[in-house]
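Take a look at the structure below.
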Amino acid sequence: MAIPLFRRAAPDPDRITITHGGDSFPVRVTRHARARRYSLRLSSKTNEVILTLPPRGSLHAATDFAVSQGAWIAARIRRIATRTPFAHGAIIPLRGIDHRVIHRPAPRGVVTEATDAAGAPTIAVYGDAPHVARRLRDFLTRQAKRDLLLAVEIHARTLGVTPSRISVKDTVSRWGSCSASGNLSFSWRLIMAPSFVLHYLAAHEVAHLKEMNHSTRFWRIVASLDPRWREAERWLSHEGSKLHLYG
Ligand SMILES: [Zn+2]
């Protein structure tokens, strides 16, 4: 019987399970050619916690590392569990005011703001059930675009500037941006924040059409356009990340 000189390492498992505080959490395992150390991250695409190893890293050591980061892993995964899906019965803020989502089967798919029998605000989504989430998101994106176009127009007129293009996207890292060519883009999720926050973001990006930096001059322009800018900045730093937990 031939004895192999080198024992072939067992392939990595797809996932390992980390226990923390009596609960167990799945962690996906992957190797990366350029990784130099063990690292953990949350994939915003798949909502999984991913443990990355260098090509020759030891799975045992990587698992020890993940175990040592159990609190971090548990916090991330528990947070995902608190997401509010775009579905019937969900409570979604619109311009800072909680609205209950109501799905109504109907031949035509439209979305309207309404109030229920008790006078509470609702968003009624008509059409087939599988399209509720997409219709609701499209509706919120349209509302965001409408409010942002208006706010940008007002601020741009005040400053005597003209943006090239205004787009509304699903950005994760930034609420708004202004390109060197004068294109403004914003996150559609701002429509869920109180209106003064969306108005501030519009003022901030329009101010960049005059000052492409965050200098004292820039902030003076922002303050002249929007007296509530500090309050809005504070809201974004305390509450902003919650807007990513919807849909
Ligand atoms: Zn800026």
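Values quoted throughout were computed directly from the atomic coordinates according to the rules given, and no laboratory measurement underlies them. Just so we're clear, the structure is a prediction, and the values are computed from it rather than from any experiment. Methodologically, a virtual Cβ is constructed for each residue, glycine included, from the backbone with ideal geometry; neighbour enumeration extends over all protein chains shown.
Couple of notes before you dig in:
- Based on alpha carbons, the Rg and Dmax found for the stretch 130-245 are 13.9, 50 Å.
- For the stretch 98-109, backbone phi angles converted through the Karplus equation (6.51, -1.76, 1.60; θ = phi - 60°) give residue-by-residue couplings of 5, 10, 8, 7, 10, 9, 10, x, 7, x, 10, x Hz, Gly and Pro being listed as x.
- Debye log10 I(q)/I(0) at q = 0.13 Å⁻¹ for the stretch 112-197, Cα point scatterers: -0.53
- Local electrostatic count, Val132, Cβ distance below 15 Å [Lys/Arg +1, Asp/Glu -1]: +4
- Note on the stretch 130-245: with charges restricted to the Cβ of Lys and Arg (+1) and Asp and Glu (-1), its dipole about the Cα centre is near 220 debye.
- Ordered by the count of other Cβ atoms within 10 Å of each Cβ, fewest first, His238, His20, His32 give His238, His32, His20.
- Considering every alpha-carbon pair of the chain, the percent of pairs per 5 Å bin, from zero through the bin containing the longest distance, is 1, 6, 11, 12, 12, 11, 11, 11, 10, 7, 4, 2, 1, 1, 1, 0, 0, 0.
- Max-minus-min Cα coordinates of the stretch 95-136 on each principal axis give 26, 21, 12 Å, with the largest extent listed first.
- Separation of alpha-carbon centers, the stretch 160-213 and the stretch 68-122, rounded to whole Å: 25 Å
- Pairs of Lys residues in the chain are counted when their Cα atoms are under 19 angstrom apart and they lie 8 or more places apart or on different chains; the count is 4.
- In this Cβ point-charge picture (+1 for Lys and Arg, -1 for Asp and Glu), the stretch 46-186 has a dipole of about 220 debye about its Cα centre.
- Two-site FRET efficiency, Thr112 against Ala180, from Cβ-Cβ distance with R₀ of 35 Å, rounded to 0.05: 0.30
- In range of the label at Glu239: residues from the stretch 165-199 whose backbone nitrogen is under 13 Å from the point 7 Å along Cα→Cβ: 190-199
- Sorted largest first, extent of the stretch 15-81 alpha carbons per principal axis (Å): 32, 25, 16
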